[in-house]
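A short write-up of the structure that comes next.
The values are calculated or read from the model by the stated rules, or taken from the named source; none is laboratory data. Here the structure is a predicted model, which means the values were calculated and not measured. With ideal geometry, Cβ positions are generated from the backbone for all residues, glycine too; neighbour counts draw on all protein chains shown. Just the protein is used for accessible areas: all its heavy atoms, side chains included, with ligands, DNA and RNA removed. Shrake-Rupley method; radii C 1.70, N 1.55, O 1.52, S 1.80 Å.
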Amino acid sequence: LQKGIAQSRSPDPSWRRALLAALFGAGQTKELLPMMEQLVRDDPTQADDWDRLIALHLKAGNKDKARAYLELASRLGYLRTPDQKLQLINLTGQLGAPFEAGSLMQAWMEKGELAKSPENWKFLASLWVNARESKLALPALEQAVAKIPSKDLYLQLGQLHMDREEYGKAASAFAQAIAQGARTGPVLMMLGMARYQQADVDSALNAFREASQFGQQKKLAGEWVKYLESGKARDQAMAAAAQRRERDDGATLSSRLLGGSTVSLGESGDYSPRRNAGASGGDPLTPVGAERPGNYDGSIPPWTGGFQPS
């Protein structure tokens, strides 16, 4: 094949594909990559060529290049199987873009291109957690736990609600985790704190008393019991609960990997295109689809226009 191709001025692409298959079978991957990339550049219309090129980069440990070619194959419509789609999502998340990965996965699940299975809901939730998008992680976790209830999922759900100061929902999730077998000191402590924040002092007291039966939590739980029995706790808890406001943070997805721009997720979970107006157009998003105000805890600062020329 090599001799025949070398002697031809315009070798048929099928000859080159046959040569690549022979080299692949012989394990000569070093020679394969540049040839495979050239073939895809010359004729990008064959899905199998993209599959082989991606597999070669993965085998060589080139995750960044594999992800880039997966994205190109996706845009061209050549990712045909759920495994290929999940491969792109996984690599995108691994290479430091969990928000893009989560946006892509959620879009594909909504379109029916990926199954709404417990495993996929859990994976999606983990992407949103890594992206620090709790509003988007919560519904994914709720879908997963509705299909396969487990103490670990309820604990994750409870912790997310605690982080968002949604103490009633957090208490419910921790109670479900305990019912699933997570009756431990730390979980009882979390349940006690969630109930206290609801101004449900009696239920909080019961949780802290149970937690005090566990060695590592004995001292701290005992201090909580003493405080709650003092009579001051009830008024303070009720005052704090009265001042608390429900958190209202929007959810915005990216459709960059699908060839689009930013997508806004409405209350019903439907997707609608959202115009990206740039630095001066009054849009709440930056030109790349991030939120201008930064994130909730302040670890990502507000965007003010990027670097300015000196």
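Using only the Cα atoms of region 104-152, build the gyration tensor, take square roots of its eigenvalues as a ≥ b ≥ c, and label the shape rounded, prolate or oblate: rounded if a/c is under 1.5, else prolate if a/b is larger than b/c, else oblate. In terms of gyration-tensor shape, oblate. Work through the residues other than Lys65 whose Cβ is under 11 Å from its Cβ and net out their charges, Lys, Arg +1 and Asp, Glu -1. Here the charged neighbours net out to -1. Of the listed residues Ile5, Ile54, Ile148, the order by accessible area with a 1.4 Å probe, largest first, is Ile148, Ile5, Ile54. Here region 1-115 exposes an accessible surface that is 52 percent carbon and sulfur, computed with a 1.4 Å probe and the other protein chains kept in place.
Only protein heavy atoms count here; on that basis, with a 1.4 Å probe, Lys169 has an accessible area of about 120 Å².
Residues Phe208, Phe123, ordered by accessible area of protein heavy atoms at a 1.4 angstrom probe radius and largest first, appear as Phe123, Phe208. Rolled with a 1.4 Å probe across the full set of protein chains, the surface gives Ser150 an accessible area near 30 Å².
Please identify which residues in region 44-61 have an amide N closer than 20 Å to a label point set 7 Å out from the Cα of Ala22, following the Cα→Cβ vector. Once the point is set 7 Å along Cα→Cβ of Ala22, 49, 52-53 turn out to lie under 20 Å by backbone N, inside region 44-61. Centre-to-centre separation between the Cα atoms of region 142-208 and those of region 30-69: 48 Å. When the square roots of the Cα gyration tensor eigenvalues are ordered a ≥ b ≥ c, the ratio a/c for region 37-90 is 1.5 or more and a/b does not exceed b/c, which makes its shape oblate. Among Trp121, Trp224, the sequence by solvent-accessible area, most first, with a 1.4 Å probe is Trp224, Trp121. Heavy-atom surface analysis with a 1.4 Å probe gives region 144-207 a carbon and sulfur content of 46 percent of its accessible area.
Rolling a 1.4 Å probe across all protein chains gives Arg209 an accessible area of roughly 100 Å².
Net charge within 10 Å of Trp121 by Cβ-Cβ distance, Lys/Arg positive one each and Asp/Glu negative one each, not counting Trp121 itself? Result for the neighbourhood of Trp121: +1.
Along region 67-79 the Karplus relation, 6.51 cos²θ - 1.76 cosθ + 1.60 evaluated at θ = phi - 60°, assigns HN-Hα couplings of 5, 5, 6, 4, 5, 4, 4, 5, 5, 7, x, 9, 8 Hz to successive residues, with x for each Gly and Pro. In this structure the amide hydrogen of Ser254, modeled in the peptide plane, comes within under 5 Å of the amide hydrogens of Ser103, Val263, none closer than 5 places in sequence on its chain. On the principal axes of its alpha-carbon atoms, region 63-174 has extents of 46, 25, 19 Å, going from largest to smallest.
Once you have a ≥ b ≥ c as the square roots of the Cα gyration tensor eigenvalues for region 1-116, tell me rounded if a/c is under 1.5, and otherwise prolate or oblate according to whether a/b is larger than b/c. Note, shape of region 1-116 comes out prolate.
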